[in-house]
1. Take every DSSP beta bridge whose two residues both sit in the range 5-272, then give the antiparallel share in percent to the nearest 5.
2. Under 18 Å from a label point 7 Å along Cα→Cβ of S528: give me every residue in the range 658-673 with its amide N that close.
3. Enumerate by residue number the chymotrypsin sites (Phe, Trp or Tyr not before Pro) in the range 330-418 meeting two conditions: DSSP loop (anything except H, G, I, E, B), and at most 12 other Cβ atoms within 10 Å of the site's Cβ.
4. Can you tell me the order of 423-429, 705-711, 286-292 when each peptide is scored by its average per-residue count of other Cβ atoms within 10 angstrom, highest first?
5. How big is the dipole moment of the chain about its Cα centre under a simple scheme where the beta carbon of each Lys and Arg is +1, that of each Asp and Glu is -1, and everything else is neutral? Debye, nearest 20, please.
6. I want the antiparallel fraction of DSSP beta bridges within the chain, as a percent rounded to 5.
7. Could you work out how far apart the two model spin labels at T138 and A337 are, taking each label as a point 7 Å from the Cα in the direction of the beta carbon, and quote it in nm?
8. Just grab the label-to-label distance for H544 and R589, each label 7 Å out from Cα along the Cβ direction, in nm (one decimal).
Amino acid sequence: MAPRISLALAIHNHQPVGNFGWVFAEVYDQAYLPMLEALERHPGVRLSLHYTGPLLEWLAAERPEFLERLASLVAVSQVELLGGGLYEPVLASLPEHDRVDQLTRMAAVIEGITGRRPQGAWLAERVWEPDLPTSLATAGYRWTILDDQHFRAAAIPEENLWGAYTTDDQGRLLTVFGTEQGLRYRIPFGSVEDVIGYLRDHATAAGDRVGMMGDDGEKFGAWPTTYEHCWGGGRWVERFFEAIEANADWLTTVTPSQWLDREPPIGRLYVPTSSYAEMGEWALPPGETAVFAPLLHKAVAARRPEARWLRGGFWRNFQVKYREINDLHKQMLRTSAKVASMPSGADRTEALDHLHRGQSNDCYWHGLFGGIYISHMRLATYEHLIAAEDAADAIIGWPRIAQLTDLDLDGLTEAYLADPGQVVTVKPAEGGGIGGWDLRAARHAMAAVLRRRPEAYHDTLRAHEAKPPDDEGPAVAEGGAPASIHDLVMVKEPGLSRRLFYDDHERRTGLVRFLAPDVTPEAVATASEAELGDFRDGEFAVDHLAPGQVSLSRNGTALGQPLTVGKTVRMLGGRLDPELVIELEVHHRGAEPIEARLGLELSLHLLGGGGNPSAWYDVAGARSAHDGSGQAAGTGAIGYGNDWVGVAVQASIEPAGDAWWAPIETISNSEAGFERVYQGSGLLVSWPVRLAPGESRRFAVRQAVTVARDRAAEEAAARA
């Protein structure tokens with residue numbers, strides 16, 4: 001019998017919670033719709049498709065005819081839809097009950113569209129931990145797809161990836177397919193002839209091999225330069241489907257479930273914690289990445305056997321690499337526990353939906369681009385977590401809470417303050433800084449700012465900008481196909497490497513600064529100022545904790561003299577008019593006078609990127625953009641807010657002092673190239689001071705907030 005082989009293609013179409021509607025529409029036109037139309041033109045081509053929950057919601061609202069056409073393909077068994085977590089969380093990061101809830105909700109959505117319960121689950125970012133079979137099997141799933149990297153880590157040779165394997169946990173069985181590396185590299189960036197030849201070379205007389213290729217749908221038209229390659233003049237997908245049909249005598253396309261109905265698994269494996277290869281690089285600290293990445297790439301290029309054992313870091317290490325990710329994750333866990341304790345009913349259902357949206361994976365990691373650096377999506381994630389926690393606390397009447405507890409699970413206690421209008425968290429061990437300031441009614445995380453820190457890809461940017469202007473680098477790979485998005489280097493504006501500034505401390509708000517008397521606003525904005533005390537980062541003791549208030553103090557030094565700084569964080573007001581007050585008392589315990597600029601550093605997020613006219617600063621009635629820079633000398637007040645969010649803050653400064661503000665901008669990569677991204681605004685309120693031995697001085701910043709709308713009340717009215 002002539003050699004035969006099967007091909008199982010699985011295409012993952014991803015849009016996250018919080019992304020802009022115009023992005024959905026653009027990628028729909030570039031990738032999602034063309035693929036559906038190609039499948040309708042080629043009924044002999046079978047494959048499996050996955051669409052994330054947010055994308056399915058957008059399709060139902062904006063392109064409902066697409067889902068009808070998709071259901072028709074499922075009805076004739078040409079397409080199999082995959083399930084997974086509804087809002088595409090990294091399942092390994094969730095409590096077990098949330099894993100199962102996300103998985104079963106997605107299965108119900110798919111069944112509602114197609115009439116068929118999904119058997120396969122897509123794993124977000126292919127992040128695998130060995131207990132996942134229990135979660136997936138409990139939710140009714142039969143199989144999932146991993147990468148070749150997972151199989152290498154489980155000691156499965158490359159030549160044995162042409163079939164399915166079983167794994168298990170706590171007596172629960174799961175079948176796993178592995179994406180075959182040669183297919184992943186070739187589709188769609190190799191020639192069609194090469195792909196067909198590669199499959200022919202691996203065909204067998206028994207016909208008992210299946211080549212699995214699971215990858216992102218956006219690479220078929222939405223990644224830079226790929227639309228022309230896939231659907232334009234290159235016609236890659238059309239030519240590929242034509243070639244499949246022309247070789248149907250020995251090449252068959254199947255869905256994974258169809259394959260499992262026909263062929264048994266070929267072995268058993270146990271996969272250690274892992275993801276795809278690039279994730280192992282990204283999870284490492286920048287210095288480690290600089291060592292590991294060249295080592296790995298050289299070993300792979302030379303086909304050295306040890307390359308299979310080089311795996312880099314572990315996905316959970318993003319919670320170590322980025323303090324902001326750990327804070328977000330632990331807030332999610334805190335919220336999950338509260339929602340789980342709610343009684344059944346409409347309120348719990350609404351809170352659970354917000355919680356699940358707040359578990360969307362993108363802002364819980366960062367790779368080549370995107371992730372936690374996508375500012376508006378980070379705020380959208382917080383928005384849903386704030387809504388869920390607010391709903392849970394509403395059940396017990398929004399009590400005024402003051403607790404000392406280990407919020408971020410680092411073994412040290414933080415102060416947790418909550419009332420009907422706001423939730424504030426304070427980190428005594430690190431300058432007594434405010435890590436979280438959530439406005440409940442507006443569902444806005446005022447303190448969700450991101451620190452500017454070195455990234456391994458910054459060296460790529462510097463090297464690119466150091467090249468001669470006419471040396472743009474290759475836009476195409478060998479053979480004329482588009483270069484991989486991982487290899488392209490593009491910039492959205494010149495001179496970005498000169499804007500790389502790095503903070504030497506975490507950007508919590510309410511930090512006490514001792515700076516030189518002649519320090520400039522520019523030095524503060526570019527993180528080139530010298531810190532002359534140990535109060536910004538040093539540990540504060542908690543002296544008093546009461547509902548709505550925490551008082552802290554530190555015996556430290558500044559300019560070589562012993563000082564005591566007392567700090568009180570006080571919450572006042574109600575749900576629509578909350579107020580956050582930060583009071584300082586500085587006492588000189590030394591023998592020599594000191595002269596310095598005493599500052600209170602506020603890091604604030606008001607969605608001000610791109611010159612957003614809704615986000616603003618206001619001094620004496622003159623408004624300016626929140627992502628701009630400015631200063632006001634000897635002022636007693638400054639305002640800031642966002643009209644679209646419905647938040648306005650009037651900050652009174654006692655005594656009158658200087659206000660300097662500047663955007664906190666990172667330089668990160670995106671599908672369209674390196675770009676500046678607004679991560680918040682740094683506002684330094686400061687006072688020139690001269691303290692004599694034994695002298696004490698008091699200062700305060702009172703932030704009175706006006707919230708224009710109560711979103712929880714609006715949702716309740718809509719449900720009534």
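All of the numbers you see were taken from the coordinates with simple rules; none came from a lab. Nothing here was measured: the structure is a model prediction, and the numbers come from that model. Virtual Cβ from ideal backbone geometry, glycine too; neighbours counted across all protein chains shown.
1. Looking only at bridges with both residues in the range 5-272, the antiparallel portion is about 15 percent.
2. Correct set: 661-667.
3. Numbers: sites: Y364, W365, F369, Y373, Y382, Y416; in loops: W365, F369.
Nothing satisfies the criteria.
4. Per-residue mean Cβ counts within 10 Å order the peptides as 423-429, 705-711, 286-292.
5. 780
6. About 80 percent, rounded to the nearest 5.
7. 1.8
8. 1.9
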